[in-house]
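Nothing in this text is a laboratory measurement; each read-out follows from the coordinates by a stated rule. A quick note: this is a predicted structure, and the numbers were derived from the prediction, not measured. So basically every Cβ, Gly included, is an ideal-geometry build from the backbone, and we count neighbours across all protein chains shown.
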Amino acid sequence: MKKIHNLTITTMFFFVSSAHAGFIPSNLLDTDLDDQSTYAALTVNLGAGTTVGGNVQGFKPITTGAGSVISGNVSGGTTVTTAVDSSVGGYIEAGTTVTIGANTNIGDYIEAGTTVTTGADASVGSYVHAGTTVTTGAGTSVVGSIFSGTTTTTGGLGVSGPVTVGGDIEAGGLYTSGAGALVSGAINDQLALIPGYVPPAPPPAVINQKVQFDAVQATLIQLGVTEGSTNLDITFGISSETLTSGVYDSLNYLSIRAGQTLTLDGEGVEGDFLFNIHNYLNFAAGAKVELINFTDNSKVIWNIIGDAVGSSGYMQAAANVSMRGFIFANGYVNTGADTTLFGVGDSCGGAVSVNDYILFGANNTIGAVGCDTSFDGTANLSVDFISSFEAGLDSLLQATVNGSGYLNIWVDWDQNGQFETDEQLVFDRAMTTGTETFLADAPYDVIQGTTLARARYNSVPGVSATGELEGDVEDYEVIVLNSGYSLVTNNPYFLAFEDMWPEKGDYDFNDVVIRLASSLIVTNDNQVKQLKLEGELEAMGASYHNGFAIQLQGITNSDIDQAAIVFDINGQTSSVALLEEGTAHTVLQITDDLWKHVKPDTSCWFFKTQPGCSSSSTFSFSVTITFITGIPSNIFPSAPFNPFIFATPDTDHGSVFSENPGRGLEIHLKNKPPTSLANETYFGLSDDVSDPDNNYYYLTSNGLPWGLAINIGESESWLHPYEWVNTLRAYPEFEDNANSNGVMNPAWFQNSKAVLAKTYH
């Protein structure tokens, strides 16, 4: 993050002749303040929940409300105070004191002329530097070093754990450590006793920019002469209005009435809008400024001069106002709740009070939309390591971020105090504002014990574990276990079902076709610790509505660490409960209706079962379950386990049933038992000859099944039959295989055995 100490105003301008061309120079302000900052000669105060998409500078105090977000840097002439749950993407500099509320995140360093105080569980992305004292709250994290002219005091255990300091402690006086504080570097205190000790220098002073701002305002007024201007009287804004680019003078006040819209039409070319307002600017409740036909290089400036009688040149907006551009106000700037001020193109917009204060109301958004970076720079990053890391095993992580960016995580697996390239756990995981839960796997050769993890959240991918970048960085103490695990990968299966059971039906085995892959994590003493399933719907020729589930024989829900379950559908965490309740054995219900997730192609009746019928729809799922104590591998069910389809509740499933059968209708692989939720009165109906007493299930009198599990291998696909094509005709060797319980023609399902004219490919 670039350090910004002073403002430099450029008053050399370039003019062109066309009133529609961009006549306002791009270098009106210094690069770091140009159209993306807030500056006030007196105080700056942000209401609770307000977001500012640039830098904030004030010649006197700066105060932010709870939950406020500043994407850039904060420079206060005297004090800087942030409330709880706030964030600053860059650094904070204050002439006197900096006070940071609890759970506040600072992306870069803090420098204060006198004292720095942080609340509990705050975080600082670089160093802390105070002329006198530094006091950190419980659980505070400082990535860099702490420098204090007199004393440094670190707090005790917070919600996030102990205080962590990634660098050194350098204190002129005494250093006092709270319980469990972790300091990675050296501790050097009572330095003032050493001859020649020089205390930390104060941060650069914030300069009062009145002279320069006055010059800018005067130059903007002169543009009305050189470019020609149009007068707006006090009746302007009573109704909604539309203006094209140019200079507009308001000899008195300019007011946009409640609920009215001022539309600025750029006419599709680069053009600037300059409003020279000689009294005050007022937006009533719900007033809007909208841009149409604008180019990214166009500009909108509100120059509130305040040289009319009875005005100090202020700008005020009521609640729910929407504004665009940059505000130059001679007096104060005051906005109501839920107000927005956005820039133009890739600029952030902003506001300047030349002689007075700026007060943004609650839940304002200043410059967070339309900025040149999608990452808002907030330091709101929090990672919760829900479970310990175990060698070779997936562990559950939960990350909370603010803004769009990329998450990277490293773990010091070898515990040498460094984050090497091969110790990266999470690689450029794209995220947006919110919380995500995901799995990350530890290598097999990790060292058991307590070590550090580092998380970074940045607007750009490919960052390293160290280095100065915008964004946020957090360090965590984590526990690593190594019990000696191995990975067992099963070849994928194609699961194919005929959903007309107990009738034989058209026997095309394309009503539900799912590709299912699985893997196990097994301990050295042959305990299955974790199961991972990955599946994808390949075809669905069903007119009935079916759900899909998998039963794990011999395993109960109490064997599973339910807090560590990860269940994703199409790459997104599913909010639907995975484990069915009330079953004797664990049942993983993937969905209660497959037709919720896919649609057939236009003019097609079904999903990938008719010639020429593909689909852009997809349905995939991933399930990871971890067992509390491990399941002996000799009793763990074999892949593909016991998959089945079932009737979606409250849907028809044929004339065999006097009423909708619902969840009680299950269709399993041949001789795989039903769940305890199945309705066993359906056995023996129509073509079914199931005999539960002798463990015969889901077969016809000549041994034909209603479900197939085809272990085709990693690199191949199974060609399922076209709609209404009997599988016995699509695969001529299938019948002998089924009748012989798999002894004859064991490779009947291979592509070379298929009648290609009768199969989907």
Where in the stretch 607-624 is the amide nitrogen less than 14 Å from a point lying 7 Å along the Cα-to-Cβ axis of E536? 615-622
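At a 10 angstrom cut-off on C-beta neighbours, averaged per residue, how do the peptides 104-113, 234-243, 287-296 rank from highest to lowest? Write down the numbers at each step before the final one.
Numbers: 104-113: 27.5, 234-243: 13.6, 287-296: 16.9.
Peptide ranking by packing, descending: 104-113, 287-296, 234-243.
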Which value in Å does the Kirkwood hydrodynamic radius of the stretch 381-482 take, with 1/r averaged over all unlike C-alpha pairs and then inverted? 13.6
On the formula 1/(1 + (r/R0)^6), with r taken between the Cβ atoms of Q562 and S184 and R0 of 41 Å, the FRET efficiency rounded to 0.05 is 0.70
Which of the lysines could be linked to K608 by a straight reach, that is with a Cα gap under 20 Å, when you skip same-chain ones fewer than 8 residues away? K596, K599, K758
Contour minus end-to-end for V743 and S240, with contour as 0.36 nm per residue of separation and end-to-end as the Cα-Cα distance? 172.8 nm
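For a test of the definition: using alpha carbon positions, the gyration tensor, and the 1.5 limit on a/c, classify the stretch 102-220 as rounded, prolate or oblate. Please report the intermediate quantities before stating the final value.
Numbers: a/c = 3.17, a/b = 1.62, b/c = 1.96.
It is oblate, given that a/c is not under 1.5 and a/b is not larger than b/c.
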Inter-site label distance for F427 and T230 at 7 Å from Cα along Cβ, in nm: 5.7
What does the C-alpha gyration tensor say about the overall shape of the chain? Classify as rounded when a/c is under 1.5, otherwise prolate if a/b is larger than b/c, or oblate. oblate
Net dipole in debye of the stretch 210-366 [+1 Lys, Arg Cβ; -1 Asp, Glu Cβ; about Cα centre; nearest 20]: 400
The alpha-carbon pair-distance distribution computed for the stretch 37-193, with 5 angstrom bins and whole-percent values, is 3, 11, 20, 24, 19, 12, 7, 3, 0, 0
Please give the residues of the stretch 518-562, grouped as numeric ranges, whose backbone N is less than 13 Å from a label point set 7 Å along the Cα-to-Cβ vector of N695. 554
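I'd like to compare 274-285, 546-557, 216-227: which one has the highest average count of other Cβ atoms within 10 Å, and what's the full order after that? Don't skip to the end; give the middle numbers.
Working: 274-285: 22.6, 546-557: 20.1, 216-227: 17.2.
In decreasing order of mean packing, 274-285, 546-557, 216-227 become 274-285, 546-557, 216-227.
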Under 19 Å between alpha carbons, and skipping anything fewer than 8 positions from K210 in its own chain: which aspartates and glutamates qualify? D30, D32, D34, D35, D307, D356
Please give the peptides 448-461, 129-142 ranked by average Cβ packing (other Cβ atoms within 10 Å per residue), highest first, as a rough proxy for protection. 129-142, 448-461
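In debye, nearest 20: dipole of the chain around its Cα centre with unit charges on the Cβ of K, R (+) and D, E (-)? Walk me through the numbers before you get to the answer.
On the way: 24 positive and 80 negative charges, 272 e Å.
So the magnitude is around 1300 debye.
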Distance in nm between pseudo-label sites at V755 and T489 (7 Å out along the Cβ direction from Cα): 3.7
Quickly estimate the mean residue ellipticity at 222 nm for the chain, helices only: each DSSP H run with n ≥ 4 gives -39500 (n - 2.57), and the total goes over all residues, rounded to 500. -1000 deg cm²/dmol
Working from Cα positions, state the angle (0 to 90°, nearest 10) between the long axis of helix 210-226 and the longest principal axis of the chain. 90
If I model a spin label at I635 and E436 as a point 7 Å from the Cα along the Cα→Cβ vector, what separation in nanometres do I get? 3.9
Among the lysines, select those whose C-alpha is under 28 Å from the C-alpha of K288, and discard any that sit fewer than 8 residues away in the same chain. K299
Counting only backbone N atoms under 17 Å from a point 7 Å out along Cα-to-Cβ of Q553, the residues of the stretch 670-691 in range are 670-678, 690-691
Before anything else, pin down the relative contact order of the stretch 250-354: Cα pairs under 8 Å, at least 6 apart, normalised by residue count, whole percent. 24
